[in-house]
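**Student:** Before I ask anything, here is the structure I am working with.
The values are calculated or read from the model by the stated rules, or taken from the named source; none is laboratory data. Source: prediction; values computed, not measured. Please note: Cβ atoms are built from the backbone with ideal geometry, for glycine as well, and neighbour counts cover all protein chains shown.
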There are 2 protein chains.
Amino acid sequence: MEYKIPVGISNRHVHLSPEHLEQLFGKGYELTELKPLSQPGQFAAQETVTLVGPKGEIPKVRILGPARGHTQVEISKTDSYKLGVNPPVRDSGDIEGTPGIKIIGPKGEVELDKGVIIASRHIHFHTSDAEKFGVKDGDRVRIRAGGERAVIFENVLCRVSDNYALDCHLDTDEGNAAGLKTGDYVELILVGK
Amino acid sequence: MEYKIPVGISNRHVHLSPEHLEQLFGKGYELTELKPLSQPGQFAAQETVTLVGPKGEIPKVRILGPARGHTQVEISKTDSYKLGVNPPVRDSGDIEGTPGIKIIGPKGEVELDKGVIIASRHIHFHTSDAEKFGVKDGDRVRIRAGGERAVIFENVLCRVSDNYALDCHLDTDEGNAAGLKTGDYVELILVGK
């Protein structure tokens, strides 16, 4: 069988808590969907914010919706040099001990004390996909991208849920290093298969 | 034996022909060395230029010396989006059919009609290193970077000369995707050894 998985390249983005959404955009504000994402119910919002770090700022950073429990800012290593922050590579949601940053919106600003990460490479599997591919939630696998900038990424986290659609998420540094763009495919490499 | 090779991460830079150096910096101008590079005789110059593409510009782009036959601009895929140019991945010196760009210096500007590339991953081997590692000029090999962002880069060009010092050159996208910085080490993977 073929182990092909579609790729989504994640540009820098922000997930906002309901409280921070109101601080940045005003009381009772609700995000407006720009386009749906690959994961059911998730969307890119029309709204953007500015990230301000010690060394520089990045405007027009997309907000992903809907609002969630904790604010999380996902940037690339390249972005981190521009901003002057030094976030660790983390799985989404694992923000203890990560650096903060200032976020500026049209109606206010938020000084985060934590929440900036470089997102770990990961693959979303619907439960049925995970069975087909033979992986479990929490597994770490390898994927291979072909072409002239061929790369094998190791240590790719598998996330499995009935609410997920099959998609491999890499950041812009990883996508650019491998010559991958959203909609391309990578091959899952299962050791011993 | 161990197949460890030191890494140099190449940020965007420009090699200038003698003619373009004069156009940008004035008649008879000579570059001033800022620091030596890993390859004997090569240096990062104190001088920088601004690159101007259809979509944006990047200031303070380092010139590498000494001046050479043809002007060549080496950028990352990330840079290419900012500038609005679409260069191919090429080996150094192979600039036929590549896009141009505008270069601005303190005394003038140059409108290149070709010369912008994304440099192919490559390893410089002194002839004695090549013998030790069992590679020939022009070979393509794999290298592995360990750590939490572990990556295997395929299709890495081997360049062998008595004038080279052992060094693996990756661009900033590749370095950031793999969590590598200059002075780190990668492992050469020889098929069948």
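**Student:** Just checking, does region A:2-24 include any residue being in contact with a Pro (Cβ under 7 Å, 6 or more places away or on another chain) and either modelled with pLDDT under 95 or closer than 27 Å to B:Ile58 by Cα (or both)? Spell out the reasoning first.
**Tutor:** As a first pass, look at region A:2-24 and keep what is in contact with a Pro (Cβ under 7 Å, 6 or more places away or on another chain): none.
No, the conditions are met nowhere in region A:2-24.
**Student:** Inside region A:4-24, can you point out the residues that are over 30 Å from A:Glu187 (Cβ atoms) and among the aliphatic types (A, V, I, L, M)?
**Tutor:** Of the residues in region A:4-24, the ones over 30 Å from A:Glu187 (Cβ atoms) are A:14, A:16-24.
Within region A:4-24, A:Val14, A:Leu16, A:Leu21, A:Leu24 qualify.
**Student:** Within region B:150-174, work out how many residues are closer than 16 Å to A:Glu154 by Cβ and either in contact with a strand residue (DSSP E or B) (Cβ under 6 Å, 6 or more places away or on another chain) or of a type in the set (A, V, I, L, M, F, W, C) (or both). Steps first, answer last, please.
**Tutor:** Within region B:150-174, the first condition is being closer than 16 Å to A:Glu154 by Cβ, and the residues that meet it are B:150-154, B:174.
Retained after the next criterion (residues that are either in contact with a strand residue (DSSP E or B) (Cβ under 6 Å, 6 or more places away or on another chain) or of a type in the set (A, V, I, L, M, F, W, C) (or both)): B:150-154.
Here the count works out to 5.
**Student:** Do any strands (runs of 3 or more DSSP E) entirely within region A:56-122 hold 2 or more residues that are within 13 Å of another protein chain (Cβ to nearest Cβ) and surrounded by 15 or more Cβ atoms within 10 Å (Cβ to Cβ), and if so, which?
**Tutor:** Values: elements: A:57-65, A:72-74, A:102-104, A:109-111, A:116-119.
Per the criteria, A:116-119.
**Student:** Quick one: count up the residues across region B:1-17 that are surrounded by fewer than 17 Cβ atoms within 10 Å (Cβ to Cβ) and under 9 Å from the mean Cα position of the chain (by Cα).
**Tutor:** 1
**Student:** Looking at B:Thr71, B:Thr50, B:Thr32, which one is hydroxyl-bearing (Ser, Thr, Tyr), outside the structural domain of B:Asp171 (by TED's automatic domain parsing) and in contact with a helix residue (DSSP H, G or I) (Cβ under 8 Å, 6 or more places away or on another chain)? Don't jump to the end; show me each part of the working.
**Tutor:** Working: B:Thr50 fails: in contact with a helix residue (DSSP H, G or I) (Cβ under 8 Å, 6 or more places away or on another chain); B:Thr32 fails: in contact with a helix residue (DSSP H, G or I) (Cβ under 8 Å, 6 or more places away or on another chain).
So the residue among B:Thr71, B:Thr50, B:Thr32 that is hydroxyl-bearing (Ser, Thr, Tyr), outside the structural domain of B:Asp171 (by TED's automatic domain parsing) and in contact with a helix residue (DSSP H, G or I) (Cβ under 8 Å, 6 or more places away or on another chain) is B:Thr71.
**Student:** Any residue at all in region B:141-159 that's away from chain A (no Cβ under 14 Å), more than 30 Å from A:Ser120 (Cβ to Cβ) and either in contact (Cβ under 8 Å) with a residue 12 or more places away in the chain or more than 18 Å from the chain's Cα centre (by Cα) (or both)? Please lay out each step first, then the result.
**Tutor:** Taking region B:141-159 as the starting set, the residues that turn out to be away from chain A (no Cβ under 14 Å) are B:158-159.
Now restrict to residues that are more than 30 Å from A:Ser120 (Cβ to Cβ): B:158-159.
Then drop every residue that is not either in contact (Cβ under 8 Å) with a residue 12 or more places away in the chain or more than 18 Å from the chain's Cα centre (by Cα) (or both), which leaves B:158-159.
Scanning region B:141-159 turns up at least one residue that is away from chain A (no Cβ under 14 Å), more than 30 Å from A:Ser120 (Cβ to Cβ) and either in contact (Cβ under 8 Å) with a residue 12 or more places away in the chain or more than 18 Å from the chain's Cα centre (by Cα) (or both).
**Student:** Here's something else I'd like to know. Of the conditions (1) hydrophobic (A, V, I, L, M, F, W, C); (2) assigned by TED's automatic domain parsing to the domain that holds B:Leu37; (3) within 21 Å of B:Asp171 (Cα to Cα), B:Phe125 satisfies every one except a single condition; which number is it?
**Tutor:** Answer for B:Phe125: the failing condition is (2).
**Student:** Do you know which residues across region A:84-97 are closer than 15 Å to A:Pro54 by Cβ and under 18 Å from the mean Cα position of the chain (by Cα)? Give the steps one after another, and end with the answer.
**Tutor:** In the first step, residues of region A:84-97 are kept if they are closer than 15 Å to A:Pro54 by Cβ; the result is A:84-87.
Scanning region A:84-97 gives A:Val85, A:Asn86, A:Pro87.
**Student:** Then there's this: Being aliphatic (A, V, I, L, M) and either within 28 Å of A:Leu157 (Cα to Cα) or in a loop (DSSP other than H, G, I, E, B) (or both) is the filter here, so list the residues in region A:1-33 that pass it.
**Tutor:** Within region A:1-33, the subset aliphatic (A, V, I, L, M) is A:1, A:5, A:7, A:9, A:14, A:16, A:21, A:24, A:31.
If the condition is that a residue be aliphatic (A, V, I, L, M) and either within 28 Å of A:Leu157 (Cα to Cα) or in a loop (DSSP other than H, G, I, E, B) (or both), then A:Met1, A:Ile5, A:Val7, A:Ile9, A:Val14, A:Leu16, A:Leu31 are the ones that fit.
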